Structure formats: C-alpha cells, structure tokens
Amino acid sequence: MSTIDIIAAAPLFCMTFGILALLVLDLFRIDALPFPRLWWGVGICGATAFLFWPFLSMNETAFSGMMAVDTFTFAFALMILGGSAVTFMLSDELLEGQRVEPSADLDLLVLFSALGGIMMVAATHMMLLFVGFELLSICVYVLTGSARNQRASSEGALKYFILGAFSSAFLLYGMALVYGATGSMYYSGIAAHIGEPSMMLLIGIGLMIFGFGFKVSLVPFHFWTPDVYQGAPTSMSGFMAVVVKAAAFGAFFRLMASGFGSVSASWSAMVAVLAVLSMTIGNVIALRQTSVKRMLAYSSIAHAGYAMVGFLALGEGGGAAVVFYMLVYSLMTLAAFGVVLVVSSGTEAQYDQDSIESLQGLGWTHPLLGIAMTVAMLSLAGVPPLGGFIGKFYLFSAAVRAGYTSIAVVAALNSVISLYYYLRVVVVMYFSGERQLSWEPPRVLVFGPRLALILLTTGTLYMGIFSSRYYETAQIAVRSLMQL
Amino acid sequence: MGAVTGYLYLSALLFSLGVLGVLVGRNTIVILMCVELMLNAVNIAFEALSVHFQTLDGQIAVFFVMSVAAAEVAVGLAIVITLFRNYLSVETHDAVTLRG
C-alpha cells in the first residue's frame, strides 16, 4: 500500500469500523450508554468527513486506478455524510410515532448506504461503481420497509425493490456492453479506447443512462418515486430524496464526464429529452397533489430534470453547476421533509397525516417549523436571495452558454409553474383559516430536529448570499474530473 | 468478434426474456426469478467478453455480480414476507394502497 492508498482508505475504514463498533455496542444495550443513540451516528459521519479533508486539494487515483481521490469525491462525500447526519438528528425519538421499532439496525443501514454512496461517487472502475450502487440500494430497500406493520411501508418497499433490482440489471447490462465495446472497465480506459462510437457502445451508454435514470427518478422512469416516498417512514423519504439522489448524481456525472465525455454528442439528445420531460411532467403533476410527501416526490423529479440540464453543458460550467445545485437541493429538500416528519410524528394516528391542509395554522403555532418550511419552499421554487435561485441561475446560464437556449427557457418556465404549488404550502401555513392547528400538535420539538432545521435553513440562506466560494470549489472539483 | 457474437446474442435473448417476465409477471416470486435471469444473462456476456479480450476483468465481475445477486434476493424475499403479513398475498395487483 502506498501513501495515497492509505489516505483513500482512511475515511472508508473509519466508517466501516464505526458501523461495526455500533453493531457490537448494540449487543451490550447501547441505550445504557452516556450519549443518545443518534449522536453515535452523527459522530461516525463527522469523523469520516474529517478524514475526507485531504481529498479537497488532491487529484489522484488510489488502488491502481479504481478510486478517485479528488475534490469531486470530497464534495459529494460531504453532501452524503451531511445528509446522513441530518437524517440521524431528525429521527431523534421521533421514529416511535412512525411505528418503527427503534433499534440500531436502522442506524447501521443508513450508515452502510452512505458508505455505498461514497464508493459510487469515488469509483473510477465500473465494478466498484456497481458494488457501491448495490450497497446503497439494498440498504435503502430495507429502510423503506422499516415500518413493518404499515401496509404503505411494505408496499413501497416492494415497489422500490422490484423496480430497483430491474434497473440495476439494466445498468449492469450496460456495463457489460461498454466493456465489450472498449475492452476496459476503468473510466480512463473507456475514454482512451472509445474512438468512433460503435452500436454496441451506444446501446451500452443508453442502458446505463436508463439504470441511473431510475435511481435519480427521471421521467419516464419515475413511477416508483411518489409511492415509495409516501409509503416510507418520513425520515427515510428525506434520506432517499437527498442522499440517494446526490450519490447517484455524483456517480452518474463522473461516469458521463470522465468515461463518455468525448462522445457527448451521441448521448446529449437523450439527456436533453429526459431533462425536459422530467421538469415538465414532475411540475405539472405536483400541481394537483394533496399529500405533502407526494408533492415533494414530484418536486424531486422536477429538480432531477433541472440538474440534468447541467449534463448538456459539460465544458461550459454545467458540471460545477450540477455539483452546486445538488448541495443546495440537499439543504432545502431535507428541511422540507424534516418539517413533514415533525408534523406527522405526533401520534400514531398521524402516520398518514401528510395532507397539505394539515399544515394549516402551523406557521403561527410553531414559528420555527413555519420559517423552515417557508424558506425551503421559496428556495425550491427559486425565489431570489435563496440558495435554490443561485443554483438554478448557474445551471440555466451554463445551458445558454452551451447553446441550449430553448431548454433553458423551458426550465425557467417550469420554475414559474412550480411557484404555484410551493407557495400554496406557505399560504396554507399562514393565511388560511384559523391561526391554530386542527389536530393534536406534535410533541415538544426535541433538540435533534430543532438543531437540524436551524442548520438547514441557515445553510439555504447562506448558499444564496455567499455562493461564490462554494461555486469555485465546485469548478475545481469538475476540472479535476475532466483531467482523469 | 467471431465466436463471441453467438454468446452475446444468447445473453441478449435471456436478458429480454427476464425483462418480459418482470413486465408481465403477477407473482412477486416469479418477478424475483426473472430479475435473477437478467443478472445471469449479464454474467454470460461478461464471461464471453472476458475470454474474447483474454483479460480477467469480466471473470472477476461475475463473482461480484453473483454475490450481489444473492444479497439482493435475500432482501427481496424478506420484503415479500412483510408484504404477505400485511396483505396475505404475494400478487402485485393486491398491493394497491398508494395511489394519486
């Protein structure tokens, strides 16, 4: 093992041993330990993030070219770890209301899927990508079904599992064809032997886009998304909407940019169609949703469409825009799911309480929840001083620079449509009917969710005002990717 | 290409059969078996290509695919069991709570 291998392995080993330690501690009644269970999860994520720090200023590969040690890995690993840490904070004592038996198993699965996500974004070899992809997916199937005695939860898990396994078989078949066409499984080897794209290579790339399209829920591969997000326990829906999506986008982008970047002309038409369909259909269907969770699911489909616009402008700053947009998207989406989680966790009867009407009066009775939800909604809609606006600005201006003006126009029009259903939530919270809740309010907001919501809301504001520094880091991250 | 082409056609045929089975299947156990068929079709392609290129990459890939497939089926069957406890059925058209 050379030095670079040790640097690359350190965070992964830290995480794996942390998970194993948690597993052993669980045998000895971890509840009797001085810290609440969730802080162990936050601690493991924090320690791993600390060990990722050297990646920030590096641009190398480890393990004989299988894993990238670069700024791009750093950026997405931090998003994944941050998303997992927030998931732990939000699930502080709240999961009981969701009829999930609290146990260390769920923490372990969250951490294992975060580990899989990190492997995906760091992979520069298709087999490592596949193993990370499956580690992430298999853990999330179980998390979806973790409210075992809820019909919706097991149904969501089944739908996710069948379509997930189906799509990963497509991804794998795509890998086999790409291997057949280029004779290499390394991204660098693929890029070197790609030459004039053959039919086999094009089918392979198409199938891999299909496989990733399912994971990031692009139209027409989106049918599972609303059912799964609604059926899963809310903290897990947030985890899926953010961590799984960020990991899949990171891995997808690295593959397309450093593997198939030189033949982008042959796949950009397909990506453009997927982007336009996802934005438009996601936003239009979200207009008539009555459940907040379903509305957020369609909104996440639309946001996947926005992020795909960045893939069209690989060389014109589109890549940096994708990285920045995923960061902002993670902050605002987690905040929205966090509020829904707190609202729906009050009593057992509230398991299905995720209708938009149930938020009526929330802004007056629970100011923190009201502000967090308002900032998240306005940012998702792309209202100026917030992070969501800046993210969209970078994406759309990159598309215009690359000559895709019509797609940028469609995307901007979609943002306007989305304003309607995001603002409706704010209006219901503050300006409709009585200034009190029509149902039993959630229990006193415990420390974990309170901290998480404050962090996410300030983060969304901060990204809107001080974006340039993070955007520059994103630019460095993508530049390092293109050189691989 | 030559000899490898036949194996690739075989793998494409088996993969398509698996896809067809998943799309028309009504029983979750049958769907699981069809997903397995798809993964094993990919294994044939990896093996054939590995022999064609005279490299070991494809052969190693098959080991990973087999172990991942085993993990996937274990989780899949567990999910089918929780579904059966809630719905007393393993047919896909009985699990229709979530709509909209």
Practice problem: From zero up to wherever the largest Cα-Cα distance of chain B sits, split into 5 Å bins and tell me the percent of pairs in each. | Solution: 2, 13, 17, 18, 17, 11, 9, 6, 4, 3, 0
Quiz item: Got the relative contact order for region A:151-309 handy, in percent, Cα pairs under 8 Å and 6 or more residues apart?
Solution: 27 percent
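Per residue of chain A, what 222 nm ellipticity follows from adding -39500 (n - 2.57) for every DSSP H run with n ≥ 4, rounded to the nearest 500?
-24000 deg cm²/dmol
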Exercise. Mind ranking A:D5, B:D57, A:D70 by accessible surface for me, highest first, 1.4 Å probe?
Key: B:D57, A:D5, A:D70
Quiz item: In degrees from 0 to 90, rounded to the nearest 10, what is the angle of the helix B:57-87 Cα long axis to the longest principal axis of chain B?
Solution: 10 degrees
Self-check item: Taking chain A and dividing mean pair separation by its residue count, relative contact order in percent (alpha carbons under 8 Å, at least six apart)
Solution: 16 percent
Quiz prompt | Gained length - A:D105 relative to A:S57, 0.36 nm times residue gap less alpha-carbon distance | solution = 13.7 nm
Quiz prompt | For region B:3-94, size of Cβ-based charge dipole, Lys and Arg +1, Asp and Glu -1, in debye | solution = 120 debye
Quiz prompt | Inter-chain Cβ neighbour average for residues A:123-131, partner chain, 10 Å | solution = 2
Quiz item: How many nm is it between the label spots at B:V30 and A:D5, if each spot is 7 Å from the Cα in line with the beta carbon?
Solution: 5.0 nm
Quiz item: Whole-Å semi-axes of region A:124-280's equivalent ellipsoid, largest first, each the root of 5 times a Cα gyration tensor eigenvalue?
Solution: 30, 16, 12
Self-check item: Listed residues A:L451, A:M332, A:I465: farthest to the positive end of the dipole of region A:3-483 (Cβ charges)
Solution: A:I465
Self-check item: Cut-off 20 Å, label 7 Å out along Cα→Cβ of B:V96, residues of region A:162-195 by amide N
Solution: A:162-163
Self-check item: Crossing angle, helix A:37-51 versus chain A [Cα axis fit, 0-90 degrees, rounded to tens]
Solution: 30 degrees
Quiz item: Helix B:28-53 versus the longest principal axis of chain B: what angle, 0 to 90°, nearest 10, using Cα atoms?
Solution: 10 degrees
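Take every Cα pair under 8 Å in region B:3-94 that's 6+ residues apart, average their separations, divide by the length, and report that relative contact order as a whole percent. Please report the intermediate quantities before stating the final value.
Details: 81 pairs, mean separation 27.6, N = 92.
That works out to 30 percent.
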Quiz item: Which listed residue (B:L20, B:I60, B:L8) has the Cα farthest towards the positive end of the charge dipole for region B:3-94, taking +1 on Lys and Arg C-beta and -1 on Asp and Glu C-beta about the Cα centre?
Solution: B:L20
Quiz item: With every protein chain kept in the model, how would you rank A:F311, A:F13 by accessible area, 1.4 Å probe, largest at the top?
Solution: A:F13, A:F311
Practice problem: With viscosity set to 1.567 mPa s and temperature to 4 °C, compute the Stokes-Einstein D of region A:3-483, Rh being the Kirkwood radius across alpha carbon pairs; µm²/s, no decimals. | Solution: 58 µm²/s
Exercise. Before rounding to the nearest 500, sum -39500 (n - 2.57) across all DSSP H runs of length at least 4 in chain B and divide by the residue total; then give [θ] at 222 nm in deg cm²/dmol.
Key: -28000 deg cm²/dmol
Practice problem: Would you work out the charge dipole size for the protein assembly as shown about its Cα centre, treating the Cβ of every Lys and Arg as +1 and the Cβ of every Asp and Glu as -1, and quote it to the nearest 20 debye? | Solution: 960 debye
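The values are calculated or read from the model by the stated rules, or taken from the named source; none is laboratory data. Quantities reported herein were computed from a predicted structural model and do not represent experimental measurements. FYI the Cβ positions are ideal-geometry reconstructions off the backbone, even for glycines, and counts take in every protein chain you see. Heads up: the accessible areas ignore ligands, DNA and RNA and are worked out on the full protein's heavy atoms, side chains in. Shrake-Rupley method; radii C 1.70, N 1.55, O 1.52, S 1.80 Å.
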